[in-house]
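Reading through the structure tokens given below for one structure.
The values are calculated or read from the model by the stated rules, or taken from the named source; none is laboratory data. Predicted model, so just to flag it, every value in this text is computed and none were measured. Cβ placement follows ideal geometry from the backbone for every residue including glycine, while neighbour counts extend to all protein chains displayed. Surface areas here come from the heavy atoms of the whole protein model, side chains and all, with no ligands, DNA or RNA. Shrake-Rupley method; radii C 1.70, N 1.55, O 1.52, S 1.80 Å.
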Amino acid sequence: PVLNKQEIPPSWKKPDPNFQHGGIKAAHRCLESFLGERVAHYNQSISKPAASRTGCSRLSPYITWGNLSLKQVHKAFRDTYSTSEVKWQLRSFENRLKWHCHFIQKFESEPRIEFENINRGFNDIRKEWNEKHFQAWKNGNTGFPLIDACMRAVIETGYINFRMRAMLVSFLTHNLWLHWQKGAIHLGQQFLDFEPGIHYPQFQMQAATTGTNSIRIYNPVKQSYDHDPDGNFIKEWVPELQEVPSNQIHEPWKLSLMEQKMYSCVIGEDYPEPVIKNLKESYNRAQQILWNKKKEKKVQQENRRILKKHVKN
């Protein structure tokens with residue numbers, strides 16, 4: 001049943017300081033601050049889970065909810081570009097605006113991809129299910145610090161940057177080898193900027209069920225060292241690791257028992273053991289299965305159909 005005004009829970013009306021504020025005025029303030037100042041840090045911030053929170057545009061929720069149109073954003077971009085001293089940053093941003101409509105159109109022309117593999121040749125993989133592994137991923141308790149920090153952050157704030165979104169999907173579908181659909185529903189429920197036309201094609205692209213895209217498997221430990229080297233983002237969202245030194249926070253399972261006690265982080269008690277024991281082995285398994293699938297006749301037939309429908313028309 002539809003809730004009337006009197007039935008809306010009070011908690012829904014209370015502003016949450018962890019979320020972006022909505023509305024047209026807030027949208028325009030966000031647009032002005034990005035094009036006028038924050039865009040200067042765009043390229044170097046886009047992959048960082050902490051820096052992206054200010055260095056990225058943060059316009060996607062306003063576009064999703066209709067507070068801003070793409071035409072308004074692009075006009076503001078053009079008005080800024082001619083006098084800007086950071087044109088290369090602006091061009092990077094413009095490229096992402098163009099992809100926005102491409103993915104929405106792809107979804108509109110084949111909406112079944114919300115429920116099914118876009119490439120039917122992949123229908124015979126990821127048949128097994130491990131609910132314990134899924135719950136660990138869903139709740140940010142995998143034992144891999146950056147995975148857990150990102151999941152906890154998106155649950156609490158509705159936002160995580162694109163690379164970290166891709167890493168979460170990669171870990172679910174490749175390392176844990178679970179079907180993408182339940183994961184897509186969970187993350188879709190968290191994103192303040194949830195847009196089905198972007199969410200489902202991107203989710204399947206990262207899960208490697210399109211067949212037409214390169215297979216990308218993110219190593220969550222490498223991503224942690226590369227994009228949160230001091231562990232500040234991890235410490236913010238995984239307080240169990242607060243006392244672990246930065247150079248050891250990315251792989252806390254390697255701490256000796258004495259170190260774990262010194263840093264108030266006993267693995268298996270204060271912080272979970274890794275949900276999978278051998279990251280490399282899980283990578284190799286996924287890599288081998290997926291690349292072998294790409295060679296199959298059914299997958300290649302579907303590739304031609306997909307390219308004809310979504311690219312070559």
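A few remarks follow.
- Inter-residue pairs, beta-carbon under 7 Å, first farther than 19 Å from Asn219 by Cβ and modelled with pLDDT of 95 or more and in region 270-297, second in a helix (DSSP H, G or I) and open to solvent by 40 Å² or more (accessible area, probe 1.4 Å), 6+ apart: Asp270/Glu240; Tyr271/Glu240
- Scope region 258-294; condition over 30 Å from Ile306 (Cβ atoms), open to solvent by less than 100 Å² (accessible area, probe 1.4 Å) and more than 25 Å from the chain's Cα centre (by Cα); matching residues: Glu259, Gln260, Tyr263, Ser264, Cys265, Val266, Ile267, Gly268, Asp270
- Residue ID - farthest from Val299 (Cα to Cα), chosen from residues in region 110-134 that are in a loop (DSSP other than H, G, I, E, B) and of a type in the set (Lys, Arg): Lys127
- Of all residues making up region 193-225, the number that are free of Cβ contacts under 8 Å to residues at least 40 places away in the same chain and either outside any helix (DSSP H, G or I) or closer than 21 Å to Asn284 by Cβ (or both): 5
- Looking across region 17-75, the residues that are of a type in the set (Phe, Trp, Tyr) and assigned to a loop (DSSP other than H, G, I, E, B) come down to Phe19, Trp65.
- Number of the condition not met by Glu243 [criteria: (1) assigned to a loop (DSSP other than H, G, I, E, B); (2) over 21 Å from Ser47 (Cβ atoms); (3) out of contact with any Cys (no Cβ under 8 Å at 6 or more places or on another chain)]: (3)
- In region 147-160 there is at least one residue that is open to solvent by less than 10 Å² (accessible area, probe 1.4 Å) and in a loop (DSSP other than H, G, I, E, B).
- Where a residue in region 8-21 is within 12 Å of Thr157 (Cβ to Cβ) and its partner, wherever it lies, is in a loop (DSSP other than H, G, I, E, B), with Cβ under 6 Å and at least six apart: Phe19/Gly158
- Checked against (1) of a type in the set (Phe, Trp, Tyr); (2) outside any loop (DSSP other than H, G, I, E, B); (3) open to solvent by 10 Å² or more (accessible area, probe 1.4 Å), Trp137 meets all criteria but (3).
- Residues that are open to solvent by less than 100 Å² (accessible area, probe 1.4 Å) and assigned to a helix (DSSP H, G or I), drawn from region 76-87: Ala76, Phe77, Asp79, Thr80, Tyr81, Lys87
- When region 209-225 is filtered for residues that are open to solvent by 10 Å² or more (accessible area, probe 1.4 Å) and of a type outside the set (Val, Ile, Thr), the ones remaining, listed by number, are Asn213, Ser214, Arg216, Tyr218, Asn219, Lys222, Gln223, Tyr225.
- Of the helices (runs of 4 or more DSSP H) contained entirely in region 255-313, those carrying at least 1 residues that are in contact with a Gly (Cβ under 7 Å, 6 or more places away or on another chain) fall at 279-294, 297-310.
- Scope region 166-176; condition within 15 Å of Met205 (Cα to Cα) and among the hydrophobic types (A, V, I, L, M, F, W, C); matching residues: Ala166, Met167, Leu168, Val169, Phe171, Leu172
- The lone exception for Ser214 - which of (1) closer than 30 Å to Asn119 by Cβ; (2) in contact with a Gly (Cβ under 6 Å, 6 or more places away or on another chain) it fails: (2)
Every residue, every condition in (1) without any contact (Cβ under 8 Å) to a residue 60 or more places away in the chain; (2) surrounded by fewer than 13 Cβ atoms within 10 Å (Cβ to Cβ); (3) not polar (S, T, N, Q), yes or no:
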position: Gln89; (1), (2), (3): yes, no, no
position: Lys98; (1), (2), (3): yes, yes, yes
position: Cys101; (1), (2), (3): yes, yes, yes
position: Phe115; (1), (2), (3): no, yes, yes
position: Trp129; (1), (2), (3): yes, yes, yes
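- Condition broken by Ile234, with the remaining ones in (1) surrounded by fewer than 23 Cβ atoms within 10 Å (Cβ to Cβ); (2) in contact (Cβ under 8 Å) with a residue 24 or more places away in the chain satisfied: (1)
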